[in-house]
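Worksheet: the structure to be examined is printed underneath.
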Amino acid sequence: MKYEPHDSYFHRAKAEGYLARSVYKLEAIDAKYHLVAPGMHVVDLGAAPGSWSQYLLAKVGPQGRVLAVDIQEVRLRADNLEFQQMDVLAAEIENFLAGKIWHGLVSDMAPATTGNRCTDQARSAALVERSLYLAQRFLQRGGFWVAKLLEGPERAPLTRAAQQIFERVHIFRPPATRKGSTECFLIGLRKRL
Ligand SMILES: C[S@@+](CC[C@H](N)C(=O)[O-])C[C@H]1O[C@@H](n2cnc3c(N)ncnc32)[C@H](O)[C@@H]1O
């Protein structure tokens, strides 16, 4: 499959002022599941360069708040955006989540790919598992969770684990996902108590 770095989503993102074409994946997920609303407080894991945070900031509005986390720098600035440069797998992130209200947690985290499919799938699954743990510990009742996964044998156990935590769990492949990519998004709706 020919990889086209500058496809129509790339050009659209550039024209609309978004930092990455990935924004259209979150937009499609939100259009289908109606997740983000004004005033919400949302955590964005794997936020760099920042297009999901741009989308979230526009949707939550001035009364809302976004916490963006990534190993790499996010250069985006806004009054209601907090950026923490750190590894989500490290315990430190819990200090920034604890004691606050979070209505949603999204993760577009992707491991640095090795080219070995099993290794890449296992690393992607570990990031999804971590985001699910953080969602379970820190999301409000009724909150939502979105996490990108490279499809592999961990999809079924991760879906089952998410079903313990959320009333509804869906798997979605947005149109902006590149042809030939094995990524999908796990979506948890209405966190149980
Ligand atoms: C596909 S990019 C995210 C794009 C972003 N959603 C946007 O719209 O601009 C994946 C990101 O995951 C981050 N990442 C991967 N592993 C991570 C980890 N353990 N902790 C924090 N960030 C991580 C990478 O640094 C990378 O910036």
Task: Given (1) at positive phi; (2) at pLDDT 95 or above, index of the condition GLY180 fails - done: (2)
- [ ] Kindly list the number of the only condition in (1) in contact with a His (Cβ under 7 Å, 6 or more places away or on another chain); (2) within 15 Å of the ligand (Cβ to nearest atom); (3) of a type in the set (Lys, Arg) that fails for ARG65.
- [x] (2)
TODO: Go through the residues of segment 10-31 one by one and say whether even a single one is hydroxyl-bearing (Ser, Thr, Tyr) and touching a residue at least 60 places away in the same chain (Cβ under 8 Å).
DONE: yes
Task: Residues (of a type outside the set (D, E, K, R) and surrounded by fewer than 22 Cβ atoms within 10 Å (Cβ to Cβ)) located in segment 135-157 - done: GLN136, PHE138, GLN140, GLY142, GLY152, PRO153, ALA156, PRO157
TODO: Could you tell me whether VAL42 is assigned to a loop (DSSP other than H, G, I, E, B) and either within 12 Å of VAL106 (Cβ to Cβ) or in contact (Cβ under 8 Å) with a residue 24 or more places away in the chain (or both)?
DONE: no
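Which one of ARG117, ARG75, ARG65 is out of contact with any Cys (no Cβ under 8 Å at 6 or more places or on another chain) and buried (at least 18 other Cβ atoms within 10 Å of the Cβ)? Explain how you work it out, then say what you get.
Numbers: ARG117 fails: buried (at least 18 other Cβ atoms within 10 Å of the Cβ); ARG75 fails: buried (at least 18 other Cβ atoms within 10 Å of the Cβ).
Exactly one of ARG117, ARG75, ARG65 is out of contact with any Cys (no Cβ under 8 Å at 6 or more places or on another chain) and buried (at least 18 other Cβ atoms within 10 Å of the Cβ), namely ARG65.
The values are calculated or read from the model by the stated rules, or taken from the named source; none is laboratory data. These figures come from a predicted structure and were not determined experimentally. With ideal geometry, Cβ positions are generated from the backbone for all residues, glycine too; neighbour counts draw on all protein chains shown.
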